[in-house]
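Got a structure here, written out as structure tokens. Questions coming.
The values are calculated or read from the model by the stated rules, or taken from the named source; none is laboratory data. The model shown is predicted, which means the values in this text are computed figures rather than measured ones. Note that we place each Cβ from the backbone using ideal geometry, even for glycine, and neighbour counts take in every protein chain shown.
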Amino acid sequence: MSRPITKVTLLVVTTLALLGTISVGVADNWNEFYQFRHSSALPGNLFAVSAEGQVGFDGALLQNVPVAYTPCGGNWVLGGNCGSTSHSVEVDWGGPDVNGTAFLGIGFGKPGHGVYISDIETGDDWASAYNIQVQVMAESFERPALAVGIQDVLNQRERVVGQPHGALSPYVVITGRIGPPEQPMYMSLGWGGGRFGSSPIGGLSMPASDQLTVVAEYDGFNTNAGVAYSLHSRRAQRDWGIIGYFGLSDLERPIVGFTFTKH
């Protein structure tokens, strides 16, 4: 279903303006919020979430920017990724050139008003960070979905490498879709503190085929882009899925990841 011109204008103009005016390479110092600079297990990070709060491959999908569609009760995800701090692909858990991450996320509540809690484990020490997101407004014909959240809600992780704590990061985000129902473009726009750079954030994703989605975003520090591939068609009537992801953080540092989804 197409969206009203007011919502289309809001999402298209603001999201594309954000992605089009940011400067590439602003994040030269990767010592700040190091564990969260590739992907952070927030809703829509390396897996899709539908407007009804169902996880899988059909919905809004980004790399490191949350989407407002929030997983509801009966939905969970399990995955991991390897983000390189060099210019080569690294497949490892930890080390000087790689940031390895594992995550588990679980949805609660009703469709359109989900509550999502996730645990992200990073590096050789399996250090935890817990995230929470609450969807406060469901998407309708007149308006996008709205959600608020906090990354590292217990303030456990480092803001600066070697200095404990300081990574608590609140945010607010809206998400909507435009275009034909069979191949919509999903757009997200928000603002975040902490590891989001106390700045606007946003991204868009669009199906390239039944099993491929392309992604572009700005997460407050980095410009990121990537592609996600699903083992099954997004139209398949399955309650589980496996999604692979390859992207470039800051358009130069590779990330590879996978996610198992269940609803």
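For the condition outside any loop (DSSP other than H, G, I, E, B) and touching a Phe, Trp or Tyr at 6+ places or on another chain (Cβ under 9 Å), what is the one hit in L42, L104?
L104
Could you name every one of the strands (runs of 3 or more DSSP E) located completely within segment 144-263 that has at least 1 residues being under 15 Å from F36 (Cβ atoms) and among the small types (G, A, S)? Break it down stepwise before answering.
Details: elements: 145-151, 158-160, 163-166, 169-178, 185-192, 199-209, 212-218, 223-230, 240-249, 253-262.
So the answer is 145-151, 163-166, 169-178, 185-192, 199-209, 240-249, 253-262.
Being over 18 Å from D250 (Cα atoms), crowded, with 18+ Cβ neighbours inside 10 Å and within 19 Å of the chain's Cα centre (by Cα) narrows it down to one residue among G83, G100, G53; which is it?
Within the list G83, G100, G53, the selection yields G53.
Considering segment 212-222 alone, what residues qualify as being among the polar types (S, T, N, Q) and either touching a Cys at 6+ places or on another chain (Cβ under 7 Å) or at pLDDT 95 or above (or both)?
T213
Quick check on my filter: what residues within segment 110-156 are more than 27 Å from I178 (Cβ to Cβ), within 19 Å of the chain's Cα centre (by Cα) and of a type in the set (D, E, K, R)?
D119, E121, D152
May I ask you to verify whether Y186 is closer than 15 Å to N64 by Cβ, buried (at least 18 other Cβ atoms within 10 Å of the Cβ) and aromatic (F, W, Y)?
No, not satisfied.
Sort out which residues of segment 178-205 are among the aliphatic types (A, V, I, L, M) and within 15 Å of the chain's Cα centre (by Cα), and write them in order of number.
Restricting attention to segment 178-205, the residues satisfying the condition of being among the aliphatic types (A, V, I, L, M) are 178, 185, 187, 189, 201, 204.
Within segment 178-205, M187, L189, I201, L204 meet the criteria.
Next question. When you check D97 against the structure, is it in contact (Cβ under 8 Å) with a residue 24 or more places away in the chain and among the acidic types (D, E), yes or no?
no
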